[in-house]
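This report refers to the structure that appears directly beneath it.
All of the numbers you see were taken from the coordinates with simple rules; none came from a lab. Please read all numbers here as calculations on a predicted model, not as lab measurements. Don't worry about glycine lacking a Cβ; one is built from the backbone with ideal geometry, like all the others, and counts go over all protein chains shown.
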Amino acid sequence: MDLLQQFFLLSLLVQLIHSIEELSTGFHKKWYLFKMPFWIFLAFELSFSAFWIMVLLLPNLPHKVYLQEFFLVLMFANGIQHLVWWGNAKKYIPGLITAPIHILVFLIFYFKAFI
């Protein structure tokens, strides 16, 4: 397993835990952009996770490397977004515990891969 695959897998595991945190702490009711019914947020999380698990498991998926790289950047941005939201809210926001791990995973990957 190469470096990208290792960090993609690690980031995907963090994201699955992050999704559980958000689902169990009411993200769907507290997000600053819009509120949504729980079932809609659950459907999004399940389909989002299923897509990325498919990327992980399908060995000959076209553009797999680009998808994995995109996911790492997306999760880095997700972590930053949570920290900015928390900075404005000044209290716990859903996903705050696991979001910084996304930032850490991305930075370690970046420095191992490119520096």
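Rounded to the nearest 0.05, what FRET efficiency do Met1 and Ala43 have when you use their Cβ-Cβ distance and R0 = 30 Å?
Numbers: r = 31 Å, r/R0 = 1.03.
Computed FRET efficiency for Met1 and Ala43: 0.45.
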Original post:
Cβ under 9 Å from His28's Cβ, His28 left aside: what net charge do those residues give with Lys, Arg +1 and Asp, Glu -1?
Top reply: +2
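Report, in cubic angstrom per residue, the convex hull volume of the C-alpha atoms of segment 16-115.
Details: hull volume 10.9 nm³, N = 100.
It is 109 Å³ per residue.
Rounding to the nearest 20 debye, state how big the charge dipole of segment 3-114 is about its Cα centre with +1 on each Lys and Arg Cβ and -1 on each Asp and Glu Cβ. Could the numbers behind the result be given before it?
Values: 7 positive and 4 negative charges, 59 e Å.
Charge dipole of segment 3-114: 280 debye, to the nearest 20.
Would you list Met36, Met54, Met75 from fewest to most Cβ contacts within 10 Å?
Numbers: Met36 15, Met54 11, Met75 23.
Placing the least packed residue first, the sequence is Met54, Met36, Met75.
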Original post:
Most fluctuating residue of Leu57, Leu83, Leu72 in a GNM of the chain with Cα springs under 10 Å: which is it?
Top reply: Leu57
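For Glu22, Glu69, Glu45, what's the fewest-to-most ordering of other Cβ within 10 Å of each Cβ? All intermediate terms of the calculation are to be shown ahead of the outcome.
Details: Glu22 22, Glu69 16, Glu45 19.
Ordered by Cβ neighbours within 10 Å, fewest first: Glu69, Glu45, Glu22.
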Original post:
Which residue fluctuates the most in the chain, going by a Gaussian network model with Cα springs under 10 Å, if the choices are Phe34, Phe70, Phe48?
Top reply: Phe34
Subject >> Net charge, Leu9 excluded, C-beta distance under 15 Å - Lys, Arg +1, Asp, Glu -1 >> reply: 0
Original post:
Can you give the calculated 222 nm mean residue ellipticity of the chain, where each DSSP H run of n ≥ 4 adds -39,500 (n - 2.57) and the sum is split over every residue, rounded to the nearest 500 deg cm²/dmol?
Top reply: -26000 deg cm²/dmol
**OP:** Return the distance in nm (one decimal) between the two label points of a simple spin-label model at Phe114 and Leu61, each offset 7 Å from Cα along Cα→Cβ.
**Re:** 2.2
Original post:
Each label point is 7 Å from the Cα along the Cα-to-Cβ direction; what then is the distance between the points at Glu69 and Phe51, in nm?
Top reply: 1.9
Subject >> Local electrostatic count at Ser49 - Lys and Arg +1, Asp and Glu -1, tallied over other residues with Cβ under 14 Å >> reply: -3
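Determine the relative contact order of the chain: mean sequence separation of Cα pairs under 8 Å and six or more apart, normalised by residue count, in whole percent. All intermediate terms of the calculation are to be shown ahead of the outcome.
Values: 97 pairs, mean separation 46.1, N = 115.
Rounded, it is 40 percent for the chain.
Which helices pass in the chain if a helix is a full DSSP H run, must span at least 15 angstrom along its long axis by Cα, and must have mean Kyte-Doolittle hydropathy not below 1.0? Don't skip to the end; give the middle numbers.
Numbers: long enough: 3-24 (32 Å, 1.19); 38-57 (28 Å, 2.05); 64-89 (37 Å, 0.68); 99-114 (23 Å, 1.88).
Once both thresholds are applied, what remains is 3-24, 38-57, 99-114.
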